[in-house]
Amino acid sequence: MTIKVYNTLSRKKEEFIPRDNKVRIYVCGLTPYDYAHLGHAKTYVAFDVIIRYLEYRGYEVFHVQNVTDVEDKLIKRSKELQKNPLEIADFFFKDALKDFDRLNIKRASIYPKVSDHIEDIINFISRLIEKGYAYESNGNVYFEVKKFKDYGKLSHQSIKDIISGARVSIDENKRDPVDFALWKKAKEGEIFWDSPWGKGRPGWHIECSVMSTKYLGVPLDIHGGAIELAFPHHENEIAQSEAYYDKKFVRYWLHTGVLTVNGEKMSKSLGNFITVKDLLKKYNPMVIRLYLASIYYRSRADFSEENLESAKNSLERIYNAKRKLDEALKNPGDGSSLGDTVKRVKENFEAAMDDDFNTPKALAAYYDLVKEINRSADSASESQLLEAKKLFEDIGNVFGILMEEKKGDLEEKLIQLIVDIRDELRKRKDFEMSDKIRAKLRE
Ligand SMILES: [Zn+2]
Ligand SMILES: [Zn+2]
């Protein structure tokens, strides 16, 4: 059996054939101007499960994820906080990695930053100008969309549709409203780099074309990201990259569905903005992980805390089966139906994951195993138990739900708890006690 993946480009499930045994995957990364939220966690857990399954299938995976440390939102934040945007980005990026570590999301092979690749970006843009796909205008450089005949092929719309959809901003520097910025002239007080077009900084889309192809070559096997990025971000990436290389940019485009909270888009103004950090204070990271991994990656999902309560119960059954296996192995029986179950579950799990990483179906197969372990492990033979244990762990590792938190994490949690208590005391104006705690923490 081969793996089939849904390709946004063709809108079909296609047989997955990478360039070779090493799968080259690029996933659009964070613009770290704030704490990571649950939507980020959904996307990155989804791709983590996909990567783990590819590894289960014997592929080696090279995973590149960019860090957008030069961007409008960061510049805005830096004005508010009166801080260097690169420092803000560095802080929130490192913080997000810590949250993601606790969710057992494997780190990417590399995390290239925009600020480290300005020269590459300038060279790439210069070449696009030379080839007639881009033009300079008043210190800015724009990509001339109508020069790229395939524009719109990912989001399945024509340039005419895009213009009439009015999803583009009018700008007197542009030849055409659909053109998008490759290089932006610096405004007063903003971070800038010198370039052939004067002081400025890269536009958002160009970084992904430059850094993905620099580290992975063309074509990438998989380009992933949240579905909101398909247009214009990924459409623009295709235009830039294929104009530059005269070659197909990406073989398979994989997009994750949106996460809403109680039926609404997550936003700060609605007050339904959930950071990973806040959720980790209330729930075992593996509960959050199991909930996120149980969503079919392409589906949109609506979050409510009930989802986590049910994931908590499921996880308990899973961990119970683990204990049961270990117990039974100390004193094996003569044999039970566990052997047949193992064979069936393995087939069902692989069939589900081969079918565009259908995790809900794959998890159903896993629960089948868990149930049978809880029922008949006591009488199973040693070889049956060992087989069951191997499959139990293999599948558990694809979902990434078997990580037990190290002691260090517990310590961190306790310290956080004490800090929270101190803050609460201060709010209640109990300064004596809060100062005592602060002094103790410093020791
Ligand atoms: Zn991208
Ligand atoms: Zn990107």
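The values are calculated or read from the model by the stated rules, or taken from the named source; none is laboratory data. Model, not experiment: these values are computed from the prediction. Please note: Cβ atoms are built from the backbone with ideal geometry, for glycine as well, and neighbour counts cover all protein chains shown. The accessibility values were calculated without ligands, DNA or RNA, using every heavy atom of the protein model including side chains. Shrake-Rupley method; radii C 1.70, N 1.55, O 1.52, S 1.80 Å.
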inquiry  = Report the Rg/Rh value for segment 256-308, based on alpha-carbon coordinates and the Kirkwood definition of Rh.
reply    = 0.95
note = Counting only residues 5 or more apart in sequence or on a different chain, those whose built amide H sits under 5 Å from that of VAL23 are GLU60, VAL61, PHE62
message = Given Cβ point charges of +1 (Lys, Arg) and -1 (Asp, Glu) and nothing else, what value in debye, to the nearest 20, does the dipole of segment 264-399 about its Cα centre take?
response = 540 debye
ask   = Using only helices, what value at 222 nm comes out for the chain when you add -39,500 (n - 2.57) per DSSP H run of length 4 or more and divide by the total residues, to the nearest 500 deg cm²/dmol?
value = -16000 deg cm²/dmol
task = Mind putting a number on the dipole of the chain about its Cα centre? Charges go on the C-beta only, +1 for Lys and Arg and -1 for Asp and Glu, and I need it in Debye to the nearest 20.
result = 420 debye
remark   = Note: GLU404 to ASP176 extended length (0.36 nm per residue) minus current alpha-carbon separation gives 76.6 nm
Two-site label geometry, SER267 and LYS83: point separation in nm, points 7 Å out along Cα→Cβ = 2.6 nm
task = Tell me which residues come under 5 Å, amide H to amide H, from ALA226 once H is placed; ignore anything under 5 positions away on its chain.
result = THR256
note = Largest-first ranking of ILE401, ILE227 by accessible area, probe 1.4 Å, whole protein assembly kept, is ILE227, ILE401
query = Looking at the square roots a ≥ b ≥ c of the eigenvalues of the Cα gyration tensor of segment 4-256, which shape do they give, rounded for a/c under 1.5, prolate if a/b is larger than b/c, or oblate?
reply = oblate
query = How large is log10 I(q)/I(0) at q = 0.10, 0.13, 0.17, 0.20 Å⁻¹ when the Debye formula is applied to the Cα atoms of segment 126-240, each weighted equally and without solvent?
reply = -0.31, -0.53, -0.90, -1.21
query = Any idea which of MET286, SER10, MET433 is furthest toward the positive side of the dipole for the chain, if Lys and Arg beta-carbons carry +1 and Asp and Glu beta-carbons -1?
reply = MET433
request  = Return the long-range amide H neighbours of GLY29 (sequence gap of 5 or more, or a different chain), with a cut-off of under 5 Å between placed amide H atoms.
outcome  = ASN66
query = Residue by residue through segment 110-122, which ³J(HN,Hα) values in whole Hz follow from phi under the Karplus form 6.51 cos²θ - 1.76 cosθ + 1.60 (θ = phi - 60°), with glycine and proline marked x?
reply = 9, 10, x, 9, 4, 5, 8, 10, 4, 5, 4, 5, 4
request  = Find the percent of Cα-Cα distances in the chain that exceed 40 Å, and round it to a whole number.
outcome  = 28 percent
ask   = Separation of segment 250-314 and segment 1-55 by C-alpha centroid, Å?
value = 17 Å
task = With unit charges on the beta carbon (Lys/Arg positive, Asp/Glu negative), name the residue among THR256, GLY58, SER379 whose Cα is farthest towards the positive pole of the charge dipole of the chain.
result = THR256
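Quick one: dipole size for segment 353-442, taken about the Cα centre, charges +1 on Lys/Arg Cβ and -1 on Asp/Glu Cβ, in debye to the nearest 20. Don't skip to the end; give the middle numbers.
Values: 17 positive and 21 negative charges, 196 e Å.
My answer is approximately 940 debye.
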Derived scalar couplings ³J(HN,Hα) [segment 290-300; Karplus, 6.51 cos²θ - 1.76 cosθ + 1.60; whole Hz; x for Gly, Pro] = 4, 4, 5, 6, 7, 8, 4, 4, 7, 6, 7
note = Output for segment 264-399 (equivalent-ellipsoid semi-axes, sqrt of 5λ from the C-alpha gyration tensor, Å, descending) is 33, 17, 10
Per-residue ³J(HN,Hα) for segment 382-387, Karplus 6.51 cos²θ - 1.76 cosθ + 1.60, θ = phi - 60°, Hz, x for Gly and Pro = 4, 5, 4, 5, 5, 5
task = Determine the alpha carbon to alpha carbon distance for each of LYS22/LYS160; LYS13/LYS76; LYS146/LYS247; LYS22/LYS76; LYS94/LYS440; LYS94/LYS214 and list only those over 29 Å.
result = LYS22/LYS160; LYS13/LYS76; LYS22/LYS76
